[in-house]
Amino acid sequence: MKQRPNIPVSRRGVLIAFAGLGAVSSLDASITPAKAQTAAAPLLTRCIPRSGEALPVIGLGTANGWDPGADPVASDPRSAVIRTLVAAGATLIDTAPVYGHSEAEAVIGNIVAAAGLRRNVFLATKLEEYDRRTGPAQLQASLRRLRTDKIDLMQLHNVSDPHQDLAMLRDWKAQGVCRYIGITTTNQGDFDAAEAVLRREKPDFLEVDYSIEDRAVQKRLIPAAVEAGAAVLPALPFGRGGIFRSVQQRPLPDWASEFGATTWARFFIKYLLGDPAVTAVIPGTSNPVHMADNLAAGRGRPPDAAERRKMVEFFASLG
């Protein structure tokens, strides 16, 4: 039996191994930001329930790979990531004060300001500690690092208290410092608390751990978000590393091409876009090639309910 090559289990490693099977060429060879922007269908949008504002369905997460690095204008690939996002018609950039060794906001702010793109992006960040004494200083620090006078979405990070109020965030929204408010949770142990806050406080957005591998939110949290009129942002569409490990060196099923899933990343993102409760998916990347691939998942139709069940069954069979 032919021995499989020893390839690191990562998104890039899976794609290179997949190419070795002759199914597709390497992602770096077949997908480029420029190619993704030409002769492509428009990026899908969905309305933010609270306002009806259209939001492109693919955004950018910045939890990893956004620490300080090279020159933000010329040589930093993260500048190319943001330019690829904007050129495709996408807008949402999600960050937090603790991302990138507490420097991601500044990296993003510098890139966006240098490129003159503030009006082209929807900036989402987070409040790390809900404290009326320190909250205003946290807000001002985020505004300074992001080099803006208004944040599009301010979210309370990692809600864990079912009695948590959002009054301070509502005050900021009323003052015009942020346009929307939300909560986040990526810990199943906090889902009950997040549900309670959703139902009582009715925030504009919920950012949550949701992927084809981890569907726990479908039971109660997604229905609660829908009832509360909250937009839903899946924050970990590729899980926490296990998803690409599961598909290493495996070809996509032929039927996935019927809804445009021609890479594994698109397969996983399109699964989420098949959920009508999902407003936008925010896969994290600092690689412009991966950004282009993610954006391609936001074009064409998403899978229907029957196809989503088939996707889950297929993914489960790989284990």
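The values are calculated or read from the model by the stated rules, or taken from the named source; none is laboratory data. In this text, all values refer to a predicted model and were calculated from it rather than measured experimentally. Here the Cβ positions follow ideal geometry from the backbone for every residue, glycine too, while neighbour counts run over all protein chains shown. What goes into the accessible areas is simple: the full protein's heavy atoms, side chains included, and nothing from ligands, DNA or RNA. Shrake-Rupley method; radii C 1.70, N 1.55, O 1.52, S 1.80 Å.
Just the Kirkwood number for the range 177-271, please: inverse of mean 1/r across all distinct Cα pairs, in Å, one decimal.
Evaluated over the range 177-271, this radius sits at 14.6 Å.
Can you give me the Cα centroid spacing of the range 144-203 and the range 239-296 in angstrom?
So the two Cα centres are separated by 27 Å.
Check the chain and count each lysine pair with an alpha-carbon distance under 23 angstrom, considering only pairs eight or more places apart or from different chains.
Taking the chain as the scope, the lysine pair count is 11.
In a Gaussian network model over the chain where Cα atoms closer than 10 Å are linked, find which of GLY189, GLY59, GLY298 has the largest mean-square fluctuation.
Maximum fluctuation in the GNM of the chain, among the listed residues, is at GLY189.
Taking the chain as a Gaussian network, where each spring joins two C-alpha atoms under 10 Å apart, which residue of PHE238, PHE268, PHE259 fluctuates the most?
Evaluated over the chain, the most mobile residue of the options is PHE259.
Could you grab the relative contact order for the chain? Cα pairs under 8 Å, six or more apart, rounded to a whole percent.
22
If you average over every viewing direction, what projected area does the convex hull of the Cα atoms of the chain give, in nm²?
16.3
May I ask you to give the percent of accessible area on the chain that is carbon plus sulfur, with a probe radius of 1.4 Å?
Carbon with sulfur: 51 percent of the solvent-accessible area.
With a 1.4 Å probe and all protein chains left in place, how much accessible area per residue does the range 224-276 have, in Å²?
Accessible area per residue: 33 Å².
Calculate, in nm to one decimal, what ARG119 and GLN218 gain on full extension: separation in residues at 0.36 nm each, minus their alpha carbon distance.
Taking ARG119 through GLN218 to full extension adds about 32.2 nm, to one decimal.
Quick one: in the range 216-319, what % of C-alpha pairs are over 22 Å apart?
Looking at the range 216-319, the distances longer than 22 Å represent 29 percent of pairs.
Taking R0 as 25 Å, what's the FRET efficiency between ARG245 and ARG309 from their Cβ-Cβ distance, rounded to 0.05?
Using R0 = 25 Å, I get an efficiency of 0.65.
Taking loop as defined by DSSP and a crowding limit of 16 other beta carbons within 10 Å, which trypsin sites (Lys or Arg not before Pro) in the range 182-256 fit?
Passing sites in the range 182-256 are ARG215, LYS219, ARG220, ARG240.
How much accessible area per residue does the range 79-152 have, counting only protein heavy atoms and a probe of 1.4 Å, in square angstrom?
42
Extending each Cα 7 Å along its Cβ direction at ASP131 and VAL226, get the distance between those two points in nm, one decimal.
3.9
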